[in-house]
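Trainee: Got a structure for you, questions after.
The values are calculated or read from the model by the stated rules, or taken from the named source; none is laboratory data. Keep in mind that what you see is a predicted model, and the values were worked out from it rather than measured. Here the Cβ is made from the backbone with ideal geometry for all residues, glycine too, and neighbour counts use every protein chain on show.
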Amino acid sequence: MTVATPERLAWVRRILRSRWGVIGVVAVVVLVGSSYLQIPWIGDLSTWLIQKAPPQAYIFVQYAVPIGFGALCGLLCERSGVVNIGIEGMMLTAAFVAFLAGAYLDPVLGSPWAAFAAVFFGIFAAMLLSALHAWLSITVKADQIISGTVINILALGGTAFFNQLLVSTSGLQGTRTLPKIQVPDQIADIPLVGWLINAVFNQGPIAISLFVFVGLLHVLLWRSRWGLRTRAVGEHPKAADTVGIDVYRTRYTNVILGGVFAGLAGAFLTLELSNSFEDGLTGGKGFIGLAALIFGRWTPIGALGGALLFGTALTLQLISRIPSSAPGGPLGEWVATVPPQLFGAIPYVLTIIILAGVVGRAIPPAADGVPYDKESRG
Amino acid sequence: MTAEGSAAPTGMNLDPMTLLGSGGRRQQIATTILAIVLGVVLGGVLIIVAALLQGRGFLPGLPLEAYRAMLDGSFLCAKGFAKDAWTCKEGGLLDLKALGNTLNVATPLTLAGLSVAFGFRAGLFNIGAQGQFLVGAFVAAVVGSTPILTGPLHVVLALAAGMLGGAAWGFIPGLLKAWRGAHEVVVTIMLNYVAYLILNWLASSQSMFRDPSASLPRTREALPDAQLPIMIPDTKAHLGYLVALGTVFAIWFLLFRTTLGFEIRTVGINAFAAKYAGIRTAFIAVLTMSIAGGLAGLGGAAELLGVVKGYPAEFLTNYGFDAIAVALLARAHPIGVVGSALLFAALRAGAGTMARAADMPADIIVIIQALIILFVAAEVVLRRLLPGLRRRKTAAPAAAAA
């Protein structure tokens, strides 16, 4: 960039000097150009990304919310050195308890309030299970994978048992779903940003809170005393202990707080997305959350990105055969031939690739999964 | 897990003490029995609570009735119990039909449980038994439904093919572990889903595999020659259980009577020491995961060739997950696997009768199963309940941790 440019165009120069700036400019040019020229394949993708995907983005977000909360639950646990594969079970239990609480509270509190109150019951249930996980993996020093497995089996059996005992036989109906914010068309139609506002805010309260929590955790994890302690305990508990950080307490706090997020994920499924419960409702969303966490390299924003990507992949499974939602042209024809199961497998395959380090290796916190023993000399 | 990843010897994720149980064998057996008793007692309490929730009032006798029905549905012929009349024929003590069902459930549980236990021995947590089980079942279905051989050789070939399929699926996490240090737990969780989804697609929409006459999508049925023959006449018990017992013996021999088994167990107890002693830890990790995958795959093949016959696109089975519970209760010992698989199989096979007798959802047995392994996991806590054994715990863990 030796050509002298006027001072008021300095921002252009700055963009063109940074790598991401150049990539962004090229991407925009390719997107708009190929879409306008209707080039097959690339143009189809661009048209879909520019025209069809943005109005549907709020659906992608809906799919991403339980995954994202699951990832945040894993984030709090693993950053402090406790592996949690029981997220799935915590989520499932919370979903069931929230559903049940909503159904029972409905006659007492009335429609929206019963659902709001039920959210706390769901959170409480998940916190109880995560307290069990914390006790087993921190105090008892049982193997953390085993503890998580126990929680998953317990949750699967327990929810199925009580669902049949209390719900299926009595025909209990869930309370109405949490009210959604309706984004007015004038705002949703604003060019460039309207769709983004729509995607984030055309949601219920739990979904919106995900974005708040991700932002909050991002700041807290790197800028607060809690965050520093958490990371220290997760990377090198002995060193943390030496400088006076209570390793056990930090881990307990984090694992139980993680339960809050698993609880929100569950409550989202039975109080916001739908108002019914069925056996095995979570269907692996807790495990995809774990995948999103790894994909996002154990950071809150990365985990949200992973959740959005995986949520989109799962949505594609549904919309790939609907012409009004899927891409057009040869790309659309090809997408319609891709078996939906393969879209479903994308999150898992991507996670394995990331773990294998083929594209940028994912490295967990150093003390992840290692029980801390105050008296050991390790 | 170490930050250096692949630089460190593999197989260091599991604390052998929590898995294999510290202390002597007597202590292990005592805590295991205590865990089972506590699980069963708590399950009984749950039955009483559930009856209260159902509005049937306080029924303290209900758990006994339920457990009796469970035994009845799984192998016993109990007298004076109304709902068992149709299962028992000649007034013997053993209900062969019910026992046959139990053995059929025990077959995949034993093999898949052996798979998880084998991984434990090398310090590897094979959560992927479920996926390897599915792959084994699918491959066995494909080979079994293709007329390649006739006679008993066909079933042998189908079983072997299923085992190889499972081994291939177990090889992937083993390789990624040894080569890149990728944690086998996460990789196998992901591979479980990948296996389910890909096989679902192959069985439902690929005409090469799909049975055109089946209303629910599934693969073609295994040919009669490729099916496992019935072992006890007039029951459904197939030969798979004998295959499973033979495999248990082979694995026991491999682990405790061969050099390779010694190397595997050494890596499981202390991978750093094993590497220092010249054991190829990476090779052991790959081999262990492959063998574990093969065992789970064999379980899938036996289940398919003995029970389901054609691979259903939506194969809703939990054997691969229950296998984790089996291996934990068995303290990763092959012989223990036989016992714990039989226990969980009896619970499963008797769940229906139990549910009918107690008028309660059959999922109660899943809760009992989870409670039992919860107590196994919290073994340290249990040990405090066993005063006679408390003093013995100091010596052995120190030796294991050295």
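Trainee: Test each condition in (1) surrounded by 19 or more Cβ atoms within 10 Å (Cβ to Cβ); (2) over 30 Å from A:Ser147 (Cβ atoms) for B:Ala250 and report the one that comes out false.
Mentor: Status for B:Ala250: all satisfied but (1).
Trainee: Take residues that are modelled with pLDDT of 95 or more and more than 9 Å from every other protein chain (Cβ to nearest Cβ) and tell me which of the helices (runs of 4 or more DSSP H) falling wholly in region A:71-170 contain 3 or more. It would help to see each step written out before you state the result.
Mentor: Details: elements: A:87-109, A:111-134, A:144-162.
Passing ranges, in order: A:87-109, A:111-134.
Trainee: If B:Met1 passes every condition in (1) part of a loop (DSSP other than H, G, I, E, B); (2) modelled with pLDDT of 90 or more; (3) not acidic (Asp, Glu) but one, which one does it miss?
Mentor: Here B:Met1 meets the rest and fails (2).
Trainee: Another one. Go through region A:97-123 residue by residue and tally those that are within 27 Å of B:Ile189 (Cα to Cα) and surrounded by fewer than 24 Cβ atoms within 10 Å (Cβ to Cβ).
Mentor: Going through region A:97-123 one residue at a time, the tally reaches 1.
Trainee: A further question follows. When region A:195-207 is examined, which residues are found to be in contact (Cβ under 8 Å) with a residue 60 or more places away in the chain and not β-branched (Val, Ile, Thr)? Talk me through it step by step, then tell me what you get.
Mentor: Looking only at region A:195-207, we keep the residues that are in contact (Cβ under 8 Å) with a residue 60 or more places away in the chain, and these are A:195-196, A:198-200, A:202-207.
Result: A:Trp195, A:Leu196, A:Asn198, A:Ala199, A:Asn202, A:Gln203, A:Gly204, A:Pro205, A:Ala207.
Trainee: Inspect region A:266-275 for any residue being touching a residue at least 40 places away in the same chain (Cβ under 8 Å), closer than 14 Å to A:Ala94 by Cα and within 14 Å of chain B (Cβ to nearest Cβ) and give the result as yes or no.
Mentor: Looking through region A:266-275, none of the residues is touching a residue at least 40 places away in the same chain (Cβ under 8 Å), closer than 14 Å to A:Ala94 by Cα and within 14 Å of chain B (Cβ to nearest Cβ).
Trainee: Shifting gears a bit: Would you confirm whether any residue within region B:271-278 is assigned to a helix (DSSP H, G or I) and surrounded by 23 or more Cβ atoms within 10 Å (Cβ to Cβ)? Before the answer, list the steps.
Mentor: Filtering region B:271-278 for residues assigned to a helix (DSSP H, G or I) gives B:271-276.
From what is left, the residues that are surrounded by 23 or more Cβ atoms within 10 Å (Cβ to Cβ) are B:271, B:274.
Yes, there is a match, as at least one residue in region B:271-278 is assigned to a helix (DSSP H, G or I) and surrounded by 23 or more Cβ atoms within 10 Å (Cβ to Cβ).
Trainee: Only one of these is of a type in the set (Ser, Thr, Tyr) and surrounded by 24 or more Cβ atoms within 10 Å (Cβ to Cβ): A:Thr299, A:Thr282, A:Thr315. Name it.
Mentor: Exactly one residue qualifies, and that residue is A:Thr282.
Trainee: Taking the conditions exactly as written (within 14 Å of another protein chain (Cβ to nearest Cβ) and either among the hydroxyl-bearing types (Ser, Thr, Tyr) or farther than 24 Å from B:Leu134 by Cβ (or both)), does B:Gly261 satisfy them or not? Quick ask: steps written out before the conclusion?
Mentor: Numbers: within 14 Å of another protein chain (Cβ to nearest Cβ): no; either among the hydroxyl-bearing types (Ser, Thr, Tyr) or farther than 24 Å from B:Leu134 by Cβ (or both): yes.
It is false that B:Gly261 is within 14 Å of another protein chain (Cβ to nearest Cβ) and either among the hydroxyl-bearing types (Ser, Thr, Tyr) or farther than 24 Å from B:Leu134 by Cβ (or both).
Trainee: Moving on to the next point. Would you check if there is a residue in region A:180-200 being modelled with pLDDT of 90 or more and surrounded by 18 or more Cβ atoms within 10 Å (Cβ to Cβ)?
Mentor: no
Trainee: Got a number for residues in region A:171-203 being in a loop (DSSP other than H, G, I, E, B), under 24 Å from A:Ala95 (Cα atoms) and either touching a helix residue (DSSP H, G or I) at 6+ places or on another chain (Cβ under 6 Å) or of a type outside the set (Lys, Arg) (or both)? Explain how you work it out, then say what you get.
Mentor: Let us first name the residues in region A:171-203 that are in a loop (DSSP other than H, G, I, E, B), namely A:171-184, A:189-193, A:202-203.
From what is left, the residues that are under 24 Å from A:Ala95 (Cα atoms) are A:171-181, A:202-203.
Narrowing further to those that are either touching a helix residue (DSSP H, G or I) at 6+ places or on another chain (Cβ under 6 Å) or of a type outside the set (Lys, Arg) (or both): A:171-179, A:181, A:202-203.
Residues that pass the stated criteria total 12.
Trainee: Another question about this same structure. Please list, ordered by residue number, the helices (runs of 4 or more DSSP H) wholly in region A:208-278 having 1 or more residues that are among the acidic types (Asp, Glu).
Mentor: Details: elements: A:225-235, A:237-242, A:247-267.
In region A:208-278, the matching helices (runs of 4 or more DSSP H) lie at A:225-235, A:237-242.
Trainee: Out of everything in region A:233-255 that is closer than 15 Å to A:Ala366 by Cα and not aliphatic (A, V, I, L, M), what residue ends up being farthest from the chain's Cα centre (by Cα)? Please lay out each step first, then the result.
Mentor: The first filter runs over region A:233-255 and keeps only residues closer than 15 Å to A:Ala366 by Cα, leaving A:233-240, A:247, A:251.
After this cut, where a residue has to be not aliphatic (A, V, I, L, M) as well, the list is A:234-238, A:251.
Numbers: A:Gly234: 21, A:Glu235: 23, A:His236: 27, A:Pro237: 27, A:Lys238: 31, A:Arg251: 21 Å.
So the residue we want is A:Lys238.
Trainee: Select from region B:188-221 the residues that are more than 9 Å from every other protein chain (Cβ to nearest Cβ) and of a type in the set (Val, Ile, Thr) and list them in ascending order.
Mentor: The answer is B:Thr188, B:Thr219.
Trainee: Could you list, in sequence order, all residues of region A:313-331 that are within 21 Å of B:Asn200 (Cβ to Cβ) and part of a helix (DSSP H, G or I)?
Mentor: Listed by number, the residues that qualify are A:Ala313, A:Leu314, A:Thr315, A:Leu316, A:Gln317, A:Leu318, A:Ile319.
Trainee: So the check is Cβ under 8 Å with 6+ separation or different chains; which pairs have a first residue in region B:370-382 that's closer than 16 Å to A:Gly89 by Cβ and a second one that's acidic (Asp, Glu)?
Mentor: As it stands, the answer is B:Ala377/A:Asp143, since those pairs meet every condition given.
Trainee: Wholly within region B:6-103, which helices (runs of 4 or more DSSP H) include no fewer than the required count, namely at least 2 residues that are out of contact with any strand residue (DSSP E or B) (no Cβ under 9 Å at 6 or more places or on another chain), at pLDDT below 85 and within 14 Å of chain A (Cβ to nearest Cβ)? Before the answer, list the steps.
Mentor: Working: elements: B:16-20, B:25-53, B:62-74.
In region B:6-103, the matching helices (runs of 4 or more DSSP H) lie at B:16-20.
Trainee: How many residues, within region B:173-190, are in a helix (DSSP H, G or I) and either under 22 Å from A:Asp143 (Cα atoms) or without any contact (Cβ under 8 Å) to a residue 24 or more places away in the chain (or both)? Lay out the reasoning, then the answer.
Mentor: Narrowing region B:173-190 to residues in a helix (DSSP H, G or I): B:173-180, B:184-190.
With either under 22 Å from A:Asp143 (Cα atoms) or without any contact (Cβ under 8 Å) to a residue 24 or more places away in the chain (or both) added as a condition, the list becomes B:173-174, B:176-178, B:184-190.
Going through region B:173-190 one residue at a time, the tally reaches 12.
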